[in-house]
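The values are calculated or read from the model by the stated rules, or taken from the named source; none is laboratory data. The model shown is predicted, which means the values in this text are computed figures rather than measured ones. Methodologically, a virtual Cβ is constructed for each residue, glycine included, from the backbone with ideal geometry; neighbour enumeration extends over all protein chains shown.
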Amino acid sequence: MKPTIGSIKLRLLKKEDFEAINEILIDIYKDSDVTYWKKHQIDTLIDKFPEGQIVIEVDNQVVGAALAIIVDSDEFDDDHTYREITDNFTFRTHSLTGNTLYGIDVFIGKKFRGLRLGRRFYDYRKELCEQKNLKSIVFGGRLPHYHKYANEMSAKEYIQKVRSKEIFDPVLNFQLSNDFHVIKVLENYLSGDAASKEFAALLKWDNIYYKKPKKVINEQKVDIRLGLVQWQMRRYNNLEELFEQMEFFIDAVSGYRSDFALFPEFFNGPLMAESNHLSEPDAIRELTKYTDAIRDQFSKLAIEYNINIITGSMPYLIDDVLYNIGHLCKRNGEIEQYFKIHVTPDEAKVWGLKGGKSIKTFDTDCGKIGILICYDVEFPELGRLLADEGMNILFVPFLTDTQNGYARVRNCAMSRAVENECYVAIAGSVGNLPKVHNMDIQYAQSAVFTPCDFAFPLNGIKAESTPNTEMILIADVNIDLLKELHKKGSVRNLNDRRKDLYNVIRTS
């Protein structure tokens, strides 16, 4: 059973973390002859290459670590051993002028495996490799199940069968799934590794962005990838079927290394089919019983797939008052809530929805973002308040039934991008729900909009989906272009406002 996670954090390894990681290693290798790390070795790694040594904390407890050095690939033979690549654990092979990031170790405590935490280490190493302008990541991967087959086949044959899915190896399968490829079989690699018979697979990941530096840890990203889900309305027999569809899309957009996944407003509407015999106000109140479970599932997926998820919106009861709310489920385990401020006349009349009172930006590892639900984007004051707080990307989950309703959302979203000098991403649902009152048909074309200036598309459209077709839309946006626009744009909407004549202010 997987442990319950409240928060998760990736940070640099500190010298005072030694006891915590040592306890993890003792538990992992207590039945083998593998030598544990000594404190002076960890101290040396931190002194030589601090940004190469990282840990994962779950609820403020260190549960795993990853260690690395930089080496010059021209100075070591592909047939090296672990002792050779580390210079007998002194790490004198580390070179500031090297061209290869070499993975020394990655480990996760047994209790916290199966949560995709290891993927975060590999994602960080890839970004570090790009930022350092290194050619590749290389390491010797253990083969912990090879001892079961050593009398039947060579290490080379074993690796081939793992590749072809005929044999499962927990380490090699994971590494292959993270885009590493085997370039050589190493003999006598790690002394004392009886499970692997001291064999290892030399694995490599090539940096296709070589010469293009990227972020390091604790810095906000500049190049941000958005994943928009254009959701098909369909009947679900139970909540688990909805969860399966949610995870399908999260898996898809995270597979493209997206930083955000955006779902539409009321994407969970099909669950109202079981309450269609009730009045419309009662049916949507029945839908609220799923909201907490869906939020918790999204948070779990955000952690497992290492992606920030904007959950669209769902109905929610607070003191018997019905609101339209959504959640920002961050990949570090944090969850924040947002409200629809302006409900449409139909939502108020048919469902009895009330507007929320909370207007704010959200801090993420990709900078400040704003979220406005559907009708809210048609009120320019909200976008201006968020822009004044430093918003760079505005996300708009929406639900529209007709083309003219969609046109209002789209055109207003494009206006918000221009007047607030920000990116705006909108995502809606498509299809129809014959057995759900007040949600019969949907029309949508999801899109990402930009300001209109020389650094951006002429028409302000970065990307858009095919109308009324279930799909995902992936688009990259660059925050530095916004900063340049704020200072040197052809026009500067934020800077040139006549605050001596007018201003947008909060009243509460």
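Put simply, of Leu134, Leu115 the only residue that is under 24 Å from Gln61 (Cα atoms) and part of a loop (DSSP other than H, G, I, E, B) is Leu115. Looking for something over 17 Å from Ser429 (Cβ atoms) and aromatic (Phe, Trp, Tyr) - is there at least one such residue anywhere in segment 374-384? Yes, segment 374-384 has at least one match.
So that you can scan it fast, the table gives a plain yes or no per residue for (1) under 22 Å from Leu25 (Cβ atoms); (2) modelled with pLDDT under 90; (3) in the same structural domain as Ser254 (by TED's automatic domain parsing):
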residue: Ile54; (1), (2), (3): yes, no, no
residue: Asp59; (1), (2), (3): yes, no, no
residue: Ala65; (1), (2), (3): yes, no, no
residue: Asp74; (1), (2), (3): no, yes, no
residue: Thr97; (1), (2), (3): no, yes, no
residue: Gly114; (1), (2), (3): yes, yes, no
residue: Leu117; (1), (2), (3): yes, yes, no
residue: Asp123; (1), (2), (3): no, no, no
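Does segment 61-79 contain any residue that is free of Cβ contacts under 8 Å to residues at least 40 places away in the same chain, part of a loop (DSSP other than H, G, I, E, B) and within 21 Å of Arg125 (Cβ to Cβ)? Within segment 61-79, one or more residues are free of Cβ contacts under 8 Å to residues at least 40 places away in the same chain, part of a loop (DSSP other than H, G, I, E, B) and within 21 Å of Arg125 (Cβ to Cβ). Within segment 463-508, the residues that satisfy the criterion of being surrounded by 10 or more Cβ atoms within 10 Å (Cβ to Cβ) and either assigned to a helix (DSSP H, G or I) or basic (Lys, Arg) (or both) are Ile479, Asp480, Leu481, Leu482, Lys483, Glu484, Leu485, His486, Lys488, Arg492, Arg497. Here the condition is being at pLDDT 95 or above, surrounded by 20 or more Cβ atoms within 10 Å (Cβ to Cβ) and either in contact with a Pro (Cβ under 6 Å, 6 or more places away or on another chain) or on the phi > 0 side of the Ramachandran plot (or both); of Ser299, Ser313, it holds for Ser313 alone.
Based on what the data block shows, is Thr44 surrounded by 16 or more Cβ atoms within 10 Å (Cβ to Cβ), assigned to a helix (DSSP H, G or I) and hydroxyl-bearing (Ser, Thr, Tyr)? Yes, satisfied.
Conditions tested, residue by residue: (1) surrounded by fewer than 20 Cβ atoms within 10 Å (Cβ to Cβ); (2) among the charged types (D, E, K, R); (3) under 20 Å from the mean Cα position of the chain (by Cα).
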{"residue": "Asn237", "(1), (2), (3)": "yes, no, no"}
{"residue": "Ser258", "(1), (2), (3)": "no, no, yes"}
{"residue": "Met272", "(1), (2), (3)": "no, no, no"}
{"residue": "Pro281", "(1), (2), (3)": "yes, no, no"}
{"residue": "Asp320", "(1), (2), (3)": "yes, yes, no"}
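Within the group Asn404, Asn438, which residue is touching an Asp or Glu at 6+ places or on another chain (Cβ under 6 Å) and over 30 Å from Asp363 (Cα atoms)? Outline the logic, then answer.
Values: Asn404 fails: touching an Asp or Glu at 6+ places or on another chain (Cβ under 6 Å).
Exactly one of Asn404, Asn438 is touching an Asp or Glu at 6+ places or on another chain (Cβ under 6 Å) and over 30 Å from Asp363 (Cα atoms), namely Asn438.
Within segment 178-208, the set of residues being out of contact with any strand residue (DSSP E or B) (no Cβ under 8 Å at 6 or more places or on another chain) and either crowded, with 21+ Cβ neighbours inside 10 Å or at pLDDT 90 or above (or both) comprises Glu187, Asn188, Lys197, Glu198.
For Pro50, the criteria (1) surrounded by fewer than 16 Cβ atoms within 10 Å (Cβ to Cβ); (2) more than 20 Å from Cys129 (Cβ to Cβ) hold in every case but one, which is (2). Does segment 75-95 contain at least one residue that is surrounded by 13 or more Cβ atoms within 10 Å (Cβ to Cβ) and farther than 26 Å from Leu202 by Cβ? No, the conditions are met nowhere in segment 75-95. Of everything listed in (1) within 19 Å of Val62 (Cβ to Cβ); (2) part of a loop (DSSP other than H, G, I, E, B); (3) not aromatic (Phe, Trp, Tyr), the single unmet condition for Lys165 is (1).
Scanning segment 96-113 for residues that are crowded, with 16+ Cβ neighbours inside 10 Å and among the polar types (S, T, N, Q), which turns out farthest from Leu203 (Cα to Cα)? Once the filter is applied, the top-ranked residue is Asn99.
Residues that are touching a helix residue (DSSP H, G or I) at 6+ places or on another chain (Cβ under 8 Å) and at pLDDT below 90: does segment 42-52 have at least one?
no
Only one entry of Tyr236, Tyr256 meets the criterion of being farther than 27 Å from Leu176 by Cβ and among the aromatic types (Phe, Trp, Tyr), and that entry is Tyr236. Yes or no: Arg416 modelled with pLDDT of 95 or more and basic (Lys, Arg)? Yes; evaluated as a whole, the condition is true for this residue. Of the strands (runs of 3 or more DSSP E) that lie entirely inside segment 361-459, those containing 1 or more residues that are of a type in the set (Lys, Arg), at negative phi and surrounded by fewer than 24 Cβ atoms within 10 Å (Cβ to Cβ) span 367-371.
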